Amino acid sequence: MEIYGTGIASRLMLGTAQYPSPAVLADAFRRSGAGIATVSVRRESGGERAGTAFWDLVRELGVRVLPNTASCHSVREAVTTAQMARELFDTPWIKLEVIGHADTLQPDPFGLVEAARILVGEGFEVFPYTTEDVVLADRLLEAGCEVLMPWGAPIGTGLGLTNIYGLRTLRAQFPDVPMVVDAGLGLPSQAAMAMEMGFDAVLLNTAVAKAGDPAAMAEGFARAVEAGRLAYEADPMEPRDMAAPSTPVIGRAFLE
Amino acid sequence: MRQARILGAGVAGLCVAAELSARGVAVTVFDPAPQPGPHGCSWWAGGMLAPFYEGETAEAPVVRLGQEAAAWWESKGVEVVRRGTIVVTLGRDRRELDRFARRTEGHDRLDADRLAALEPELAGRFDQALHFLAEAHLDPRAALAHLRDRLERAGVDFVAEEARADDGPTFDCRGLAARDVLRDLRGVKGEMAVLRAPDIRLTRPVRLLHPRYPLYVVPRGDGLFMLGATQIESCDRVRRVRSILELLSAAYALHPAFGEAELVEIGVDARPAFPDNLPRLQRMGETIHVNGLFRHGFLLAPALARMAAEAACDGTKPELMHEDQN
């Protein structure tokens, strides 16, 4: 998989918030082999690099860092946060979140497109956190995004893929755009399903961080992602109504 | 060991002083600030002695060693309220309570009636709760002041300055200030508030589980309540509006009468923590560091102090002891 010209080996991306400790966070990365870590820079932005110690721990994971604009509710906040993230982590990558609704944390589609356009203009490589809306996806691609991150369900809910039809349509409409299902996954089976549907990767945080054993859950997700991807590449059979025996029926009267 | 120096007069330093002094060691405590106060993060603590609750996210030693705390503080003459702690959730987060119950021990499940009998103030507000029976709480500022006075009377010497470089047995209990030598120590910011709400008569700490805005409320007597605490990966000491807004909103959700409370104080500090969020004894030459107590200062300082004193006086090799590699 390639995103913005960078080859990505692991199709599992993990967030770095809410773990019992940084040591458990590191275990989760080790056991899952996740290759990209998202980091929220907004809340800890104390001005004098106050979150440095934690960010150093994230850097020591040895994975690629994808800073995000989590909990930004306006275009201006998101743009400012992205600029700060670029300096802090020395990367043009930014996972763009512009939240439009406090309870569901649903993306603000209008603000998202506007912020994406501004950031692409400033040379950022934008990973927009979006819904499964096809029109919105089109606008984001027009704005210069080369990857899309549609939600499975609202952030932190663990509900899985709540609009399978919508996600399938999105995937089919833009077959060549890398897509990462981001947010709402609670179980490895849901991640496997996203991968079977042809999404390129999944990103999750709460499902791992809040599990009783985060490292074990991270490994569970990693295996599911691998299984789902293998299945997708293997070109699965089509479901059908008529039973078809998998052993030959020769020698038996099958047309009675 | 006949004499020892202690660097830092926060909760860790004072507990180590108490343990050494009790073993007949002549102790001198160095801290530029002469009295407990807002310069140290112990000042901002909640004062909950809640080892079983912490078991949800903390490693096993926290639960085990934390069980020593209540008796230790009582043995030093500090007033400890042993009425347990209560955990509740708002209606739509009820499953959080089930998960929490599954991952912790030492609790009773309460229905609405039993909760009302225990804390009438919460009657009709929550239909389920957990009661951690063996837990307790204290007033951290009173405890620090009391312990310091007691140590001074017992002959412990307090010197209001930085310690000079010196040979001899040293216990470094400076918290985050020890980052100059303990490289993997980091600050985890916590913000808190103190409210005066004389109409609310809670008698034990109450925790509100919430996926976004968790809260605990600790009664401090005289109508005072401590609200805590944010947990942010940062060592700045800025009191953010958003954090306080969240704490106050959660308190209001717990009990609307908090909306009429007087806002007495807003505090912030950074807790010293190692990457596994477990405390450590770290031996470096003649110095033993007692650090990384994270959000468990009053809960774990007694056990860490005992273990540090045993290691120094009796040559034991306690758990959580890291030997210097050099």
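Things worth noting here:
- When the residues of segment A:193-233 are filtered to those that are among the small types (Gly, Ala, Ser), crowded, with 24+ Cβ neighbours inside 10 Å and more than 13 Å from the chain's Cα centre (by Cα), the one that is farthest from A:Val147 (Cα to Cα) is A:Ala218.
- Sole exception among (1) modelled with pLDDT under 95; (2) part of a helix (DSSP H, G or I) for B:Pro275, by number: (2)
- Checking each residue in segment A:1-32 for being small (Gly, Ala, Ser), touching a residue at least 60 places away in the same chain (Cβ under 8 Å) and not in a loop (DSSP other than H, G, I, E, B) picks out A:Gly15, A:Ala28, A:Ser32.
- Of residues in segment B:285-326 being of a type outside the set (Val, Ile, Thr) and without any contact (Cβ under 8 Å) to a residue 12 or more places away in the chain, the one nearest to B:Ala178 (Cα to Cα): B:Gln325
- When we screen B:Leu247, B:Leu304 for residues that are over 30 Å from B:Glu323 (Cβ atoms) and either within 12 Å of chain A (Cβ to nearest Cβ) or buried (at least 19 other Cβ atoms within 10 Å of the Cβ) (or both), the only hit is B:Leu247.
- Pick from segment A:52-73, criterion within 14 Å of another protein chain (Cβ to nearest Cβ) and closer than 21 Å to A:Gln106 by Cβ, ranking: farthest from the chain's Cα centre (by Cα): A:His73
- For the criterion of being closer than 19 Å to A:Thr6 by Cβ, in a helix (DSSP H, G or I) and not β-branched (Val, Ile, Thr), A:Leu141 passes.
- Against the test of being surrounded by fewer than 15 Cβ atoms within 10 Å (Cβ to Cβ) and among the aliphatic types (A, V, I, L, M), the options A:Val120, A:Val113, A:Val79, A:Val135 yield a single qualifying residue, A:Val135.
- Against the criterion of being over 16 Å from the mean Cα position of the chain (by Cα) and among the hydrophobic types (A, V, I, L, M, F, W, C), A:Val135 qualifies.
- Checking B:Glu105, B:Glu79 one by one, the residue that is of a type outside the set (S, T, N, Q), modelled with pLDDT of 95 or more and assigned to a loop (DSSP other than H, G, I, E, B) is B:Glu79 and no other.
- Residue that is farther than 23 Å from B:Leu224 by Cβ, within 14 Å of another protein chain (Cβ to nearest Cβ) and crowded, with 18+ Cβ neighbours inside 10 Å, where the choices are B:Gly106, B:Gly55: B:Gly55
- Count of segment B:218-244 residues which are within 23 Å of B:Gly84 (Cβ to Cβ), of a type in the set (A, V, I, L, M) and either within 14 Å of chain A (Cβ to nearest Cβ) or in contact (Cβ under 8 Å) with a residue 40 or more places away in the chain (or both): 4
- Taking segment B:150-203 and the strands (runs of 3 or more DSSP E) fully enclosed by it, the elements with 3 or more residues that are under 19 Å from the mean Cα position of the chain (by Cα), at negative phi and more than 14 Å from chain A (Cβ to nearest Cβ) are at B:186-196.
The values are calculated or read from the model by the stated rules, or taken from the named source; none is laboratory data. Predicted, not measured: the structure shown is a model, and the values here were computed from it. Note: ideal-geometry Cβ built from the backbone for every residue, glycine included; neighbour counts use all protein chains shown.
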